[in-house]
């Protein structure tokens, strides 16, 4: 049951991340004709005929990919419900165990990229349950299916070309490229474009293996977070207590104030203790779906720009809060 919940959540969050809309356009060409056009465009972009034969020679649309794409669950969980299925006791126990087993490697990666060990581990845990749930779809046929179907054809067509470029450059074979139904690959669930820009081969060989080599998973995760703005000078945020008469207009990622300024407005840590005496700028948000009865009632958090980095990874407030919460709990004994 827990795995089914997590699978549903993962599918829903993937939909939020990709911005997929519920209505699908009907393809105007048969798949073979459409694929011939893809091959022409790929050759024009410099991708070799050998790669096209290897990757596209025998593919057909995958019905299961279309089924998952069209039946994404409506995202109506409360944050507490979401958190209880993402930050579980079992995941924390496994995470602490893996942090200990990989302490030296994670410390080295953290030192190079400036991203804390627990944050790297949290992203690993929340994306694939520490490499256990990476998806079993062949990425190239999955991307071709979605590009042909017309739901977000241009986006997936571009990712298909990026996948072909990965193969053409010798970084990976078509058989090795497995992932989610939407084309997110490996233990850190990188789309092909993300892989090409941020994936790292920790040993320096030039072929990052985010499917089976933990060092590359850690380095790729940390490099991505670092490159999109992670600041090692502070954390991601914290839950807080707020005064009853606080102006509701202050709840916004567009509003930034220092911890000192929020303290003067009456905010406190959830323990009741004062906030840090810091000039770091933070924003006040609520953990809510934005639907139904929870509007304006979600738990309040002060979040830093590192929270925005989590949002760049997956544009979901729930995901970002859960990632930070999981990282914090992995950091504690």
For residues that are crowded, with 24+ Cβ neighbours inside 10 Å and touching a strand residue (DSSP E or B) at 6+ places or on another chain (Cβ under 6 Å), tally how many sit in the range 130-160. 1
Any residue at all in the range 97-116 that's farther than 20 Å from residue 184 by Cα and at pLDDT below 95? no
I'd like to verify a number: residues in the range 177-192 that are assigned to a strand (DSSP E or B) and surrounded by 24 or more Cβ atoms within 10 Å (Cβ to Cβ), how many? 3
Matching residues in the range 81-96 - criterion: being buried (at least 19 other Cβ atoms within 10 Å of the Cβ) and farther than 20 Å from residue 187 by Cα: 82
Sort out which residues of the range 210-230 are closer than 17 Å to residue 121 by Cα and assigned to a loop (DSSP other than H, G, I, E, B), and write them in order of number. 210, 211, 212, 213, 230
What's the number of the only condition in (1) in contact with a helix residue (DSSP H, G or I) (Cβ under 7 Å, 6 or more places away or on another chain); (2) surrounded by 24 or more Cβ atoms within 10 Å (Cβ to Cβ) that residue 127 fails to meet? (1)
Looking at the range 100-123 only, could you name the residues that are more than 20 Å from the chain's Cα centre (by Cα) and surrounded by 18 or more Cβ atoms within 10 Å (Cβ to Cβ)? 102
Count, please, the residues in the range 251-273 that happen to be under 28 Å from residue 84 (Cα atoms) and either surrounded by fewer than 14 Cβ atoms within 10 Å (Cβ to Cβ) or touching a strand residue (DSSP E or B) at 6+ places or on another chain (Cβ under 6 Å) (or both). 9
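Table: residues versus (1) under 20 Å from residue 152 (Cα atoms); (2) out of contact with any strand residue (DSSP E or B) (no Cβ under 9 Å at 6 or more places or on another chain); (3) crowded, with 18+ Cβ neighbours inside 10 Å.
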| site | (1), (2), (3) |
| --- | --- |
| 41 | yes, yes, no |
| 49 | no, yes, no |
| 71 | yes, yes, no |
| 79 | no, no, yes |
Considering only the range 193-206, I want to know if a residue exists there that is within 20 Å of residue 117 (Cα to Cα), modelled with pLDDT under 95, more than 14 Å from the chain's Cα centre (by Cα) and surrounded by fewer than 19 Cβ atoms within 10 Å (Cβ to Cβ). yes
Qualifying positions in the range 274-298 - free of Cβ contacts under 8 Å to residues at least 40 places away in the same chain, within 23 Å of the chain's Cα centre (by Cα) and crowded, with 18+ Cβ neighbours inside 10 Å: 283, 285, 286
Determine which member of the set 234, 301, 224 is farther than 25 Å from residue 77 by Cα, within 28 Å of the chain's Cα centre (by Cα), crowded, with 19+ Cβ neighbours inside 10 Å and in contact (Cβ under 8 Å) with a residue 60 or more places away in the chain. 224
Only unsatisfied item for residue 58, checking (1) touching a residue at least 60 places away in the same chain (Cβ under 8 Å); (2) closer than 21 Å to residue 172 by Cβ, is (1)
Would you check which residues across the range 130-149 are at pLDDT 95 or above and not in a loop (DSSP other than H, G, I, E, B) and list them? 137, 138, 139, 140, 141, 142, 143, 144, 145, 146, 147, 148
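The values are calculated or read from the model by the stated rules, or taken from the named source; none is laboratory data. Just so we're clear, the structure is a prediction, and the values are computed from it rather than from any experiment. Cβ sites come from the backbone with ideal geometry, for glycine too, and all protein chains shown count toward neighbours.
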